[in-house]
Structure formats: C-alpha cells, structure tokens
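The values are calculated or read from the model by the stated rules, or taken from the named source; none is laboratory data. What you are looking at is a predicted structure, and each value in this text was computed from that prediction instead of being measured. In this analysis, Cβ positions are derived from the backbone assuming ideal geometry, glycine residues included, and neighbour counts consider all displayed protein chains. All accessible areas refer to the heavy atoms of the entire protein, side chains included, with ligands and DNA or RNA removed. Shrake-Rupley method; radii C 1.70, N 1.55, O 1.52, S 1.80 Å.
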Amino acid sequence: MNRLTNKHIILGVSGSISAYKAPDIVRRLQDLGAQVKVILTEAGAKFITELCLQSISKNKVHHNLWDENAELGMGHIELAKWADAILIAPASANTIANIALGKANDLLSSVILANDAPLLIAPAMNLKMYQSHTLQDNLSTLISHHTIIIRPESGKQACGDIGIGRLAEPSSIAKQVAKQFISTKLTGKKVLITLGATIEAIDPVRFISNHSSGKMGMALVNACIESGASVTCIYGNITTTLNAKSNNISIVSAQQMYTKVMDNIAGQNIFIACAAVSDFSVKNASNQKIKKDGGDLTLELVPNKDILADVCKLKEKPICMGFAAETQNMLKNAQKKLKNKGCDVIILNKVSSADSGFNVDENEVIFLSQNLNKKIGKNSKQKVAKKILEIFIKECL
Ligand SMILES: Cc1cc2nc3c(=O)[nH]c(=O)nc-3n(C[C@H](O)[C@H](O)[C@H](O)COP(=O)(O)O)c2cc1C
C-alpha cells in the first residue's frame, strides 16, 4: 500500500560515510508514493553529490541557508511549511547535537526549528561515538521533544569496528516514515463529504457555476481516510483527483447533490459540507439553446434547498461541519451561519485573495465552533485539512 501518496518528505543528509545510502532512501520513500526534497549539509556533500540526489529526487537539492534567491521568499520557512515529515538519514553526531541544542546555524537545523511536522532521525556513526554519553543524552533530549529515533543496526562498520552504529536499512527507514501517517482516530466512523462546484443549467450549453476546484474537500477526504474513516464523497465539478478508497458519487446540480446527500446520510457519524453549492438555480431552464435576438435576456433565479441546514435538522443528526466562503464581514457572516444552521463547526474560508481559497493549492481558514475561534495559518490544503481534522477530533468527538 502506498502510504506516502501525496506526502512531502524532506530528507536531511548529514556528514556520515553512510550518506552514500541516501539515494536509496529517496527511492524507497518514492516507492511508497512520497515526493522528496533533499537538504544536504556541507559535510554531507563531501560524501554524496548534489547532482546524484537531485537526479534521484527529481527536485533541486537545498544546501545553503544564505541562498539569496531562495531567501527572497524565506526559503527555509517555505521548506518547513512544505514538509509533512522531516527525516534526517544519515544523522551525524554533530547534526544530532545541533538539533538537540535547538541551534539554527545551517539550512537543515533552521528548517527543523521552523518545522511542526514529525521529525525522524536515523543516526549513523562509529559505535563508540554512538555509545558516548553526550550522544545518548542528545538522543534522550530529542525523544523528549517527540522526535522519532530510527535506531542504527549492529554489524561491520566503515572504520572496521564491529558493533552498533550502522545506518538502518533504507527500506526499513522508509517504512518507519510511512508509519507516522497511520492514525486510527476515525476508525469505525462514517463520514459523508460534499465537494466541488454545482452546475445550474441555463440551457443545454450554458450554466451558472463557481470557481470551486474540490481541492479542499478532497484534502479532507484524504485526511479522513488516513485517520481510518469510511468515507462517502459526493462531488460536483472538480479539477482534482478522486481517492479510490472512498465511495465516490458524482452529481451535477445543487438539487442532485441534495438528493444524494439525503439518500446517503443515514448512519453517517460526520457530515462535512465543503461543496460550493449554488444558492440559486434557473427557473424554467430552456431545453433548447437560447438564441440571441438583439434584446436583453432576463433569467429568473429560484433559491435551492439548503443542504447543510436540512442535515442539521435531521432527528439523527451527524456531527456537522460546514464551510463559509466569505468576501466581506467574514467573521460575522460565519458566526451567523454557525448559529442559524445549527451546525457544530464552520470553517471560515476567505476567498477574496487570489492566493488562498478557491481554485488554488493553499488555504488559510478559521475554525469556528461555539467554544472556539482558531486561525489555521496559510499552508497547503493537505496540511490545512489535517489541522482542521485534528482540532475537530479534539473538540467534537
Ligand atoms: C571519512 C569520515 C567519515 C565520517 N563518518 C561519520 C559518521 O558516520 N557519523 C558521524 O556522526 N560523523 C562522521 N564523520 C564526522 C562528520 O562528518 C563531522 O562531524 C561533520 O562536522 C558533520 O557535519 P554535519 O553534521 O553538519 O553534516 C565523518 C568524518 C569523516 C572525515
């Protein structure tokens, strides 16, 4: 199973003789579906070339904190934000000491300090170095900071000694990274998610729709599946790829979405209304293409049924999370929606800026419930979805 599909992994390669195994680690991570970017320390570059790691990872290798071009966009912060997990393999004694001390004196240590994703380190060194009190103290410090240590193996070492300190096998390292993404928090839960844009016909060739791509909803589908949920996904017009592990139901119009939601809502534990459903449809849409006759054309619009509000009114109501795409009076409108619809959570989605919200890969939202008003800072929709779910599980389950 490709447990790292869509996952962004930063591989830090530091100055150990076993850095020659780093390309193999990149490959094993890719075999599990990951995208990998490498940060190479100065000492690491003495053992393995940037060109080799770039060719295998298919991404530029990062090594310089003082790269003027990258730092124009605060490159080290951007790298930290990109990562779903950071793995240092091999991790030298020096790099381990740096991280344990919270130093930020090169690109790798700076990215780690700015990172809030899981950190895994695979030490590799001579057995005496590995057994030294300072190294062991540094590892204990890192464990107390929730770093996952991938223990080295015993065997013949590059220096000729025999004992513990050899880098763990690349395939076993990749498997341990994948393990970080297994969660059982939603095991046994059924989740119904709507996503994408609905399409309201004007005539057989023209329609009213919106800019929703379905990416935010799909990120939530993926996050729920990763947490063990059984997911039904009702989707309209989307520009993203469906998850084959969810029960996927296609619809076109708001009315069809309403019907499919109501047909499938019984027995669901959680309902996430992420679709951009048209509030109105065209009264008496034409069966034939409307011809221009030189005059004005007036369309009469009638309100569609409110899916979220009606699900919230059900006797056996699931826990409901709605999305509010707002351009003005955002907080006020979202709070009104939370109250009026009687739902448990509203995710306030600011859609007025070009670089977050509709039809882009990043988002910035506010998680609103009766007791909570929490901003989730700008990040990839995958990371925002994970954060939303994390808060939702803590607050609502
Ligand atoms: C030939 C050679 C092999 C080395 N192998 C290791 C090693 O396996 N593990 C280790 O912790 N340090 C090893 N070192 C020492 C590190 O490269 C050195 O401490 C360096 O400063 C680490 O820098 P970095 O942590 O920034 O990558 C080796 C040094 C040399 C010259």
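Let me know the Kirkwood hydrodynamic radius for segment 169-218, please, with Cα pairs as the basis and the value in Å to one decimal.
Working: mean 1/r = 0.0657 Å⁻¹.
15.2 Å is the Kirkwood radius here.
Compute the long axis of helix 381-396 from its Cα atoms, compare it with the longest principal axis of the Cα atoms of the chain, and write down the angle in degrees, 0 to 90, nearest 10.
80
Net charge near GLN382: determine it from the other residues with C-beta under 12 Å of the C-beta of GLN382, scoring Lys and Arg +1 and Asp and Glu -1.
Details: positive: LYS7, LYS81, LYS215, LYS381, LYS383, LYS386, LYS387; negative: ASP84, GLU226, ASP361, GLU362.
So the surrounding residues net to +3.
If R₀ is 45 angstrom, what is the calculated FRET efficiency for the pair LEU397 and ALA158, using the beta carbon separation as r and rounding to 0.05?
Details: r = 50 Å, r/R0 = 1.11.
Working from the Cβ atoms, E equals 0.35.
Can you give the longest run of the chain that contains no GluC sites (Glu not before Pro) sitting in a DSSP loop with at most 11 other Cβ atoms inside 10 Å?
Working: sites that count: GLU300, GLU316.
It works out to 1-299.
For the chain, just give the cysteines left without a disulfide-compatible partner, judged by no other Cys Cβ under 4.7 Å.
CYS52, CYS159, CYS224, CYS233, CYS274, CYS312, CYS396
Return the sequence-ordered ³J(HN,Hα) values of segment 312-318 in whole Hz as given by the Karplus equation 6.51 cos²θ - 1.76 cosθ + 1.60 applied to θ = phi - 60°, using x for Gly and Pro.
My calculation for segment 312-318 gives 5, 8, 4, 5, 9, 6, x Hz in order.
Roughly how many nanometres apart are two label points built 7 Å out from the Cα toward the Cβ at ARG151 and LYS317?
For ARG151 paired with LYS317, the spin-label model returns 5.1 nm.
Sort HIS62, HIS145, HIS133 from largest to smallest accessible area, using a 1.4 Å probe on the heavy atoms of the protein chains.
Details: HIS62 35, HIS145 110, HIS133 155 Å².
So the residues, ranked largest to smallest area, are HIS133, HIS145, HIS62.
Rounded if a/c is under 1.5, else prolate if a/b beats b/c, else oblate: with a ≥ b ≥ c from the C-alpha gyration tensor eigenvalues square-rooted, which is segment 1-145? Walk me through the numbers on the way to the answer.
On the way: a/c = 1.40, a/b = 1.25, b/c = 1.12.
It is rounded, given that a/c, with a ≥ b ≥ c, falls under 1.5.
May I ask you to compute the full-extension gain from ASP31 to LYS375, defined as 0.36 nm times their residue separation minus their alpha-carbon distance, rounded to one decimal in nm? Spell out each step's value before the answer.
Working: separation 344, 0.36 × 344 = 123.84 nm, distance 3.51 nm.
Length gained, ASP31 through LYS375: 120.3 nm.
What is the helix-to-structure angle for 254-264, meaning the angle in degrees between its Cα long axis and the longest Cα principal axis of the chain, kept from 0 to 90 and rounded to the nearest 10?
Helix 254-264 sits roughly 70 degrees off the main axis of the chain.
Using a cut-off of 14 Å between beta-carbons, work out the net charge of the residues near MET330 (Lys and Arg +1, Asp and Glu -1, MET330 not included).
Residues near MET330 contribute +3 overall.
Using only the Cα atoms of segment 202-296, build the gyration tensor, take square roots of its eigenvalues as a ≥ b ≥ c, and label the shape rounded, prolate or oblate: rounded if a/c is under 1.5, else prolate if a/b is larger than b/c, else oblate. Kindly include the intermediate steps, with their values, before the conclusion.
On the way: a/c = 3.19, a/b = 2.26, b/c = 1.41.
The shape class here is prolate.
What net charge do the residues around SER286 carry, taking every other residue with its C-beta under 14 Å from that of SER286, with Lys and Arg at +1 and Asp and Glu at -1?
Working: positive: ARG206, LYS283, LYS289, LYS291, LYS292; negative: GLU200, ASP203, ASP293, GLU300.
In short, +1.
With the crude spin-label approximation of a point 7 Å out along Cα→Cβ, what separation in nm comes out for VAL302 versus ALA244?
The answer from the label model is 4.2 nm.
Using a probe of 1.4 angstrom, how much of the accessible area of segment 190-396 is carbon and sulfur, in percent? Can you show the working numbers first?
Numbers: 4960 of 10590 Å².
Percent of accessible area from carbon and sulfur atoms in segment 190-396: 47.
Binned at 10 Å from 0, what are the whole-percent values of the Cα-Cα distance distribution for the chain, short to long?
Reading the bins upward from 0: 5, 20, 26, 20, 15, 9, 4, 1, 0, 0.
Considering only ALA124, ALA223, ALA309, give the residue with the highest GNM mean-square fluctuation for the chain, with springs between Cα atoms whenever their separation is below 10 Å.
With Cα springs under 10 Å in the chain, the top fluctuation among ALA124, ALA223, ALA309 is at ALA309.
State, to one decimal in nm, how far the label point of LYS46 lies from the label point of ASP137, with both points 7 Å from Cα in the Cβ direction.
2.5
Quote the charge dipole size of the chain about the Cα centre in Debye, to the nearest 20; the model charges only the Cβ of Lys and Arg (+1) and of Asp and Glu (-1). List each step's numbers first, then the result.
Working: 46 positive and 34 negative charges, 185 e Å.
Dipole magnitude for the chain comes out near 880 debye.
Keeping every protein chain present and rolling a 1.4 Å probe, give me the accessible area per residue for the chain in Å².
Values: 19840 Å² over 397 residues.
That works out to 50 Å² for each residue.
For the chain, what does -39500 (n - 2.57) per DSSP helix run (n ≥ 4), summed and divided by total residues, give at 222 nm, in deg cm²/dmol to the nearest 500? Intermediate values should be presented prior to the final figure.
On the way: 14 runs with 131 residues, N = 397.
That calculation yields -9500 deg cm²/dmol at 222 nm.
Output ³J(HN,Hα) for segment 333-350: one whole-Hz value per residue in order, computed from phi by the Karplus curve 6.51 cos²θ - 1.76 cosθ + 1.60 with θ = phi - 60°, and x for Gly and Pro.
4, 5, 5, 5, 5, 4, 6, 5, 7, x, 9, 7, 9, 10, 9, 7, 10, 7
Would you grab the residues whose amide H sits under 5 Å from the one on ILE164? Only those 5+ places off in sequence or on another chain, please, with H modelled 1.01 Å from N.
It is GLY155, by chain and number.
Across segment 87-95, in residue order, what do the Karplus-derived ³J(HN,Hα) couplings come to in whole Hz, using 6.51 cos²θ - 1.76 cosθ + 1.60 with θ = phi - 60° and x for Gly and Pro?
Each residue's phi maps through the Karplus curve to give 10, 10, 8, x, 9, 6, 4, 5, 5 Hz.
May I ask you to rank HIS63, HIS76, HIS146 by accessible area, largest first, using a 1.4 Å probe over the protein chains only?
Values: HIS63 90, HIS76 35, HIS146 155 Å².
Result, largest first: HIS146, HIS63, HIS76.
Taking H placed 1.01 Å from N in the peptide plane, check which residues at least 5 places from GLU364 or on another chain put their amide H under 5 Å from its amide H.
LYS350, GLY357
Which angle from 0 to 90°, rounded to the nearest 10, does the C-alpha axis of helix 215-226 make with the longest principal axis of the chain?
That works out to roughly 60 degrees.
Within the accessible area of segment 14-100, what % is carbon and sulfur when the probe is 1.4 Å and the other protein chains stay in place? Mind dumping the intermediate values first?
On the way: 2200 of 4010 Å².
Ligands and nucleic acids excluded, carbon and sulfur reach 55 percent.
For segment 27-150, give the magnitude of the charge dipole about the Cα centre (Cβ charges: +1 Lys/Arg, -1 Asp/Glu; no others), in debye to the nearest 20. Provide the component values of the computation, followed by the final result.
On the way: 9 positive and 11 negative charges, 81 e Å.
Roughly 380 debye for segment 27-150.
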